[in-house]
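**Student:** The structure is given below, and queries will be raised subsequently.
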Amino acid sequence: MVSNQESKYLIPVQKEASPVTALPMKASPVKSPHNCESILRDADPPISVSSVNRSEKLRSGVFLKPTKQIKYWVDDRNSNCFMLFAKNLSITWSDDVNYWTWFTDKESPNETVEAVGLKNVCWLDITGKFDTRNLTPGIAYEVVFKVKLEDPAYGWDTPVNLKLVLPNGKEQPQEQKVSLRELPRYKWVDVRVGEFVPEKSAAGDITFSMYEHEAGVWKKGLSLKGVAIRPKQ
C-alpha cells in the first residue's frame, strides 16, 4: 500500500495505443481523352486499348490513317492535338515538279514525314479541313501553319491571306493578312490562322487556308510541313 506522501511522486502509466494500420491509397482513375477510343481505331500501326504504355504513346504521338498524313497526341492537360501534314492538304500544283518539290523531314528521331517546298509559283493556294468532333470541347484551340523560308526566297513582300471558317458558317470567317518576308530562315515556325473553342452542339468541319494569287508576283523559298490544331499556347 502506498502512502499519500509517496503517491504524489508516482508517474501514472499510460496504456500504449493500438497500432494504426494505414489503408492503401486508391489511385484516382485517369480520365480517357475525349473520343480517344474512336480516334485510335485509325491508328497506324494499331494500338491496343488495353496497352500498358498507351498513355506514353499518346504523349509522344500516334500516326493515323492515311499513313503518316495525320498525327494525334495528348498534351499535359489531357487535351487532344492534331497535326495534318502537307500530304493531307490541298495544294495547287503540288503534283507538278516545275512548281513544288516533295522531300522527307524528321518528325522525331525515328520518324520522317513528307513536306513540300515551293520552287516557283505566282498562284499560292493551300487549303485543308478538319472535323472538330475529335477536339476536346470547351478548350481554346489555335490553327497554325508550320512553314520555313530558305534563301533564295522572293515574292514575300506581298502579304499572304490567312482564313479560318468555323463549322456551319454560324460565325464570320476569321481573315487576316500576314507578311512572311521577315520570317527567320532555315527553321520551322508557326503562322497562326485563327482560334476557336469547339463545342459539341456546333461540331463539324473547319476549313483553313493560306493563299495569294491577286498580285501576280512569283514566289519562291517557302516550305510547308503541315497544319497543327492544338490548344492555344
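The values are calculated or read from the model by the stated rules, or taken from the named source; none is laboratory data. A quick note: this is a predicted structure, and the numbers were derived from the prediction, not measured. A quick note on method: Cβ atoms are made from the backbone with ideal geometry, for glycine too, and the neighbour counts reach across all protein chains shown. For the accessible areas, the whole protein counts, side chains as well, though only heavy atoms, and no ligand, DNA or RNA atoms are used. Shrake-Rupley method; radii C 1.70, N 1.55, O 1.52, S 1.80 Å.
**Student:** What are the residues in segment 79-96 that are open to solvent by 50 Å² or more (accessible area, probe 1.4 Å) and touching a residue at least 12 places away in the same chain (Cβ under 8 Å), if any?
**Tutor:** 87, 90, 93
**Student:** Which of the following residues is open to solvent by less than 10 Å² (accessible area, probe 1.4 Å) and closer than 22 Å to residue 82 by Cα: 196, 208?
**Tutor:** Only one candidate qualifies: 208.
**Student:** Before we move on, is residue 193 of a type in the set (Val, Ile, Thr) and within 23 Å of residue 104 (Cα to Cα)?
**Tutor:** Spelling it out, it is not the case that residue 193 is of a type in the set (Val, Ile, Thr) and within 23 Å of residue 104 (Cα to Cα).
**Student:** Can you name the strands (runs of 3 or more DSSP E) wholly within segment 14-124 that have at least 3 residues being at pLDDT 95 or above, out of contact with any Phe, Trp or Tyr (no Cβ under 8 Å at 6 or more places or on another chain) and under 26 Å from residue 149 (Cα atoms)?
**Tutor:** 100-108
**Student:** Picking from 67, 92, 104, 112, which residue would you name as being touching a Lys or Arg at 6+ places or on another chain (Cβ under 7 Å) and more than 23 Å from residue 167 (Cα to Cα)?
**Tutor:** Unique residue meeting the criteria: 112.
Here is a yes/no grid of residues against (1) touching a helix residue (DSSP H, G or I) at 6+ places or on another chain (Cβ under 9 Å); (2) of a type outside the set (Phe, Trp, Tyr):
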site: 135; (1), (2): no, yes
site: 141; (1), (2): yes, no
site: 149; (1), (2): no, yes
site: 164; (1), (2): no, yes
site: 168; (1), (2): yes, yes
site: 179; (1), (2): no, yes
site: 196; (1), (2): yes, no
site: 215; (1), (2): no, yes
site: 230; (1), (2): no, yes
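**Student:** Could you list, in sequence order, the residues of segment 211-233 that are within 19 Å of the chain's Cα centre (by Cα), open to solvent by 10 Å² or more (accessible area, probe 1.4 Å) and under 18 Å from residue 103 (Cβ atoms)?
**Tutor:** Residue satisfying the conditions is 225 alone.
**Student:** To continue, here is another question. I'd like the full set of residues that are crowded, with 17+ Cβ neighbours inside 10 Å and more than 25 Å from residue 39 (Cβ to Cβ), limited to segment 100-116.
**Tutor:** 100, 116
**Student:** Also, quick follow-up: Among residues belonging to segment 127-152 that are at pLDDT 95 or above and more than 19 Å from the chain's Cα centre (by Cα), point out the one that is nearest to residue 191 (Cα to Cα).
**Tutor:** Looking at residues that are at pLDDT 95 or above and more than 19 Å from the chain's Cα centre (by Cα), I get 149.
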